[in-house]
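Before any comments, here is the structure.
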Amino acid sequence: MPKDLRTWLRDLEDRIPGEPLRVSKAVKPASFEVSSILHQLEERGNLSAVFFDKPTSVKAEPSDYRLLCHAFTTREKLAVSLDLQDSNRVSLFEKYLESSRQRKKTEIVAPSEAPVKEVIIREKSLDIGDLPIMRHNSMDGGPYLTPVVVAREPNGERYNTSWNRMMYIDSHHLAIYMSPRHLWTYFQEVEARQESMPIGVVLGHHMAFMLSASALVPPDEDEYEVAGGLLGEPLRVVPSEAYGERLLVPADAEIVIEGEILPQRRTLEGPFGEFTKLIGPQRLSWLFRARAITHRHRPIMHSVFGAHLDHLYAHFPIEASIFQRVKQVITGVKDICWLHSGGSFHLVISMKKRTEGEPMRAAMAALSASNFIKHVFVVDDDLDPENAKDVMWAVSNCCQADSDITVLHNIQGQLLDPSLRQETKGSGLIIDATRPLDRPYSPRAALPPEALEKIRLEDYISS
Amino acid sequence: MKIHYVNCPQCNKSFHCDANLLGLDIPLHCPYCDLYFEPEERKGEQLPKGTAFMGLSRIDRKILYLPVQEKKRPTKV
């Protein structure tokens, strides 16, 4: 049986007792009811996946759709997605990197073999507002989808997968925000010819497929093949209803909205709560028009909870790819931490320094790997990069501002970084908080281990 | 990105937008009451050549898509 969202849910139930939580009462996602439930669970430290049996449509009408949220909130769920028993961060990095290297050619199947074709709604009768689309945070410009968008390279065979926030506008239109990466590059090329670009809006599949959308791979690589590597089997694809073989869409997806990004058209989009946990402003974004919706019977729509932990963890492949890039440059790198560094654009590198200058080179590799990284802290390998107290201890005790801090100017920033003063350009910071090798350095204060072993606290202090 | 806070003339609630939008001949959309309105202040920097990121040589009302129902009612308030 091919892997899909339903097999992922079964694996989740088998591996993590009590997950997913099930909500059988009707909820109105477009009226903040789903986000209120998710937020309160997160506040209480309950990061379970949540399955909503009866979410209503945007128009608050009963719908046939179901809704899955919080699919990325813990490493344990990432481990389920990647079929890994261990959920240690470095183990997850290594498993992700190994799987993503195992590129697998896609398998084209007939529509009759594609579950996503069980129900086909054509342009005249479709209404995107029938879907259970969430409003995530106050001030959101409208209900927002958080899909994986699939697109075929213009004049090529390669497919790109990417996360793109999409705001509901009306029955046939969504606003789509594109960062200046591969999908944006595709559209630049197509729009220059005054043409529209067909895309598939995938709203649910096995989480290994969904994670392929965050993969940092060169533009000449096929991300459908990367998805196959992560799934551990070829991604099954099927010709789309609206575009035939011009656009192949995942056959085992729960829901696909087929349509196109229109040339020479823009629309108002936002505000929207981003992974920075800040509300990004209303802006101009691109316009998508739907041509068909296909889905399975009783489809399960997946939504990432914007500006919350779920949103952050969906970026895990980026963190893994940065780890790979940094380790390729400096083999002494032991671990990195971005998602739990405490800052949306902070990265901490923990490494065994062999020569002076290595921390700087490792940091530059991280900065060049992704524009999500703005500030890099490098610490010695005896410190946990996820422990912010450890990191600040190193900055405080191993760092001199005039020689160990470097500011880089005029580098491409992350467009969602509200501190950028120019549209796309900003600065970077590297703090080398490793101990120097060129002079003796004080050791960390510690007790003799044999003394600690000899003393049992209970023998001296009664509780 | 420079942002600018605006108040909706209908519900009087505040939200923020890309400051460049104020320099363009386009309405804003209130996320609270769904009104499309012309901002009172057009303080933003005019971008006559559009922006490289948006990929357009010119940005004006003609390229802007508004929801179907909005086309039927005036955007001025």
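A few notes on this one:
- When each of A:His182, A:His173, A:His206 is tested for being buried (at least 19 other Cβ atoms within 10 Å of the Cβ), away from chain B (no Cβ under 12 Å), in contact (Cβ under 8 Å) with a residue 24 or more places away in the chain and within 23 Å of A:Arg283 (Cα to Cα), the lone residue that passes is A:His182.
- Within region A:274-302, being among the small types (Gly, Ala, Ser) and either within 24 Å of B:Met54 (Cα to Cα) or not assigned by TED's automatic domain parsing to the domain that holds A:Ala251 (or both) holds for A:Gly280, A:Ser285, A:Ala290.
- Checked against the criterion of being within 18 Å of A:His206 (Cβ to Cβ), within 22 Å of the chain's Cα centre (by Cα) and among the charged types (D, E, K, R), the candidates A:Glu19, A:Glu42 yield just one match: A:Glu19.
- Taking the criterion of being closer than 19 Å to A:Ser81 by Cβ and outside any helix (DSSP H, G or I), the residues of region A:1-41 that qualify are A:Met1, A:Pro2, A:Lys3, A:Asp4, A:Ile16, A:Pro17, A:Gly18, A:Glu19, A:Pro20, A:Leu21.
- Verdict on A:Asn160 being away from every other protein chain (no Cβ under 14 Å), within 17 Å of A:Ala213 (Cβ to Cβ) and not in a helix (DSSP H, G or I): yes
- Any hit, region A:197-204, residues being assigned to a loop (DSSP other than H, G, I, E, B) and closer than 19 Å to A:Met301 by Cα: yes
- Residue-level check: of (1) out of contact with any helix residue (DSSP H, G or I) (no Cβ under 6 Å at 6 or more places or on another chain); (2) closer than 21 Å to A:Gln324 by Cα, A:Leu211 misses just (1).
- Residue in region A:395-406 that is closer than 28 Å to A:Leu82 by Cα and either of a type in the set (Gly, Ala, Ser) or touching a helix residue (DSSP H, G or I) at 6+ places or on another chain (Cβ under 9 Å) (or both) present: no
Here's the yes/no breakdown for (1) modelled with pLDDT under 95; (2) surrounded by fewer than 22 Cβ atoms within 10 Å (Cβ to Cβ); (3) not hydrophobic (A, V, I, L, M, F, W, C):
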| residue | (1), (2), (3) |
| --- | --- |
| A:Val348 | no, no, no |
| A:Lys353 | no, yes, yes |
| A:Arg361 | no, yes, yes |
| A:Met364 | no, yes, no |
| A:Asn371 | yes, yes, yes |
| A:His375 | no, yes, yes |
| A:Asp381 | no, yes, yes |
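- Annotation note: of A:Gly413, A:Gly428, the sole residue that is at pLDDT 95 or above and outside the structural domain of A:Leu284 (by TED's automatic domain parsing) is A:Gly428.
- Restricting attention to region A:124-151, the residues that are touching a strand residue (DSSP E or B) at 6+ places or on another chain (Cβ under 6 Å), more than 28 Å from B:Phe15 (Cα to Cα) and surrounded by fewer than 24 Cβ atoms within 10 Å (Cβ to Cβ) add up to 2.
- For the criterion of being closer than 17 Å to A:Ser179 by Cα, touching a His at 6+ places or on another chain (Cβ under 6 Å), buried (at least 24 other Cβ atoms within 10 Å of the Cβ) and not basic (Lys, Arg), A:Leu284 fails.
- Residue check, A:Glu223 of a type in the set (D, E, K, R) and either touching a strand residue (DSSP E or B) at 6+ places or on another chain (Cβ under 6 Å) or free of Cβ contacts under 8 Å to residues at least 40 places away in the same chain (or both): yes
- Within region A:252-274, the presence of at least one residue that is in contact with a Leu (Cβ under 6 Å, 6 or more places away or on another chain), more than 9 Å from chain B (Cβ to nearest Cβ) and over 30 Å from A:Ile120 (Cα atoms) is confirmed.
- Yes/no for A:Leu216 being of a type in the set (A, V, I, L, M, F, W, C), at pLDDT below 95 and touching a Pro at 6+ places or on another chain (Cβ under 9 Å): yes
- Within region B:58-77, the only residue that satisfies the criterion of being over 17 Å from A:Arg289 (Cβ atoms), modelled with pLDDT under 50 and in a helix (DSSP H, G or I) is B:Lys72.
- Among the residues listed as B:Tyr32, B:Tyr36, the single one being surrounded by fewer than 18 Cβ atoms within 10 Å (Cβ to Cβ) and either within 11 Å of another protein chain (Cβ to nearest Cβ) or of a type in the set (Asp, Glu) (or both): B:Tyr32
- Among the residues of region A:288-305, the ones that are surrounded by fewer than 24 Cβ atoms within 10 Å (Cβ to Cβ) and within 14 Å of chain B (Cβ to nearest Cβ) come to 2 in all.
- Subset of region A:226-242 [closer than 21 Å to A:Met197 by Cα and outside any strand (DSSP E or B)]: A:Glu241, A:Ala242
The values are calculated or read from the model by the stated rules, or taken from the named source; none is laboratory data. Just so we're clear, the structure is a prediction, and the values are computed from it rather than from any experiment. Cβ coordinates were reconstructed from backbone atoms using ideal geometry, including for glycine residues, and neighbour counts include every protein chain displayed.
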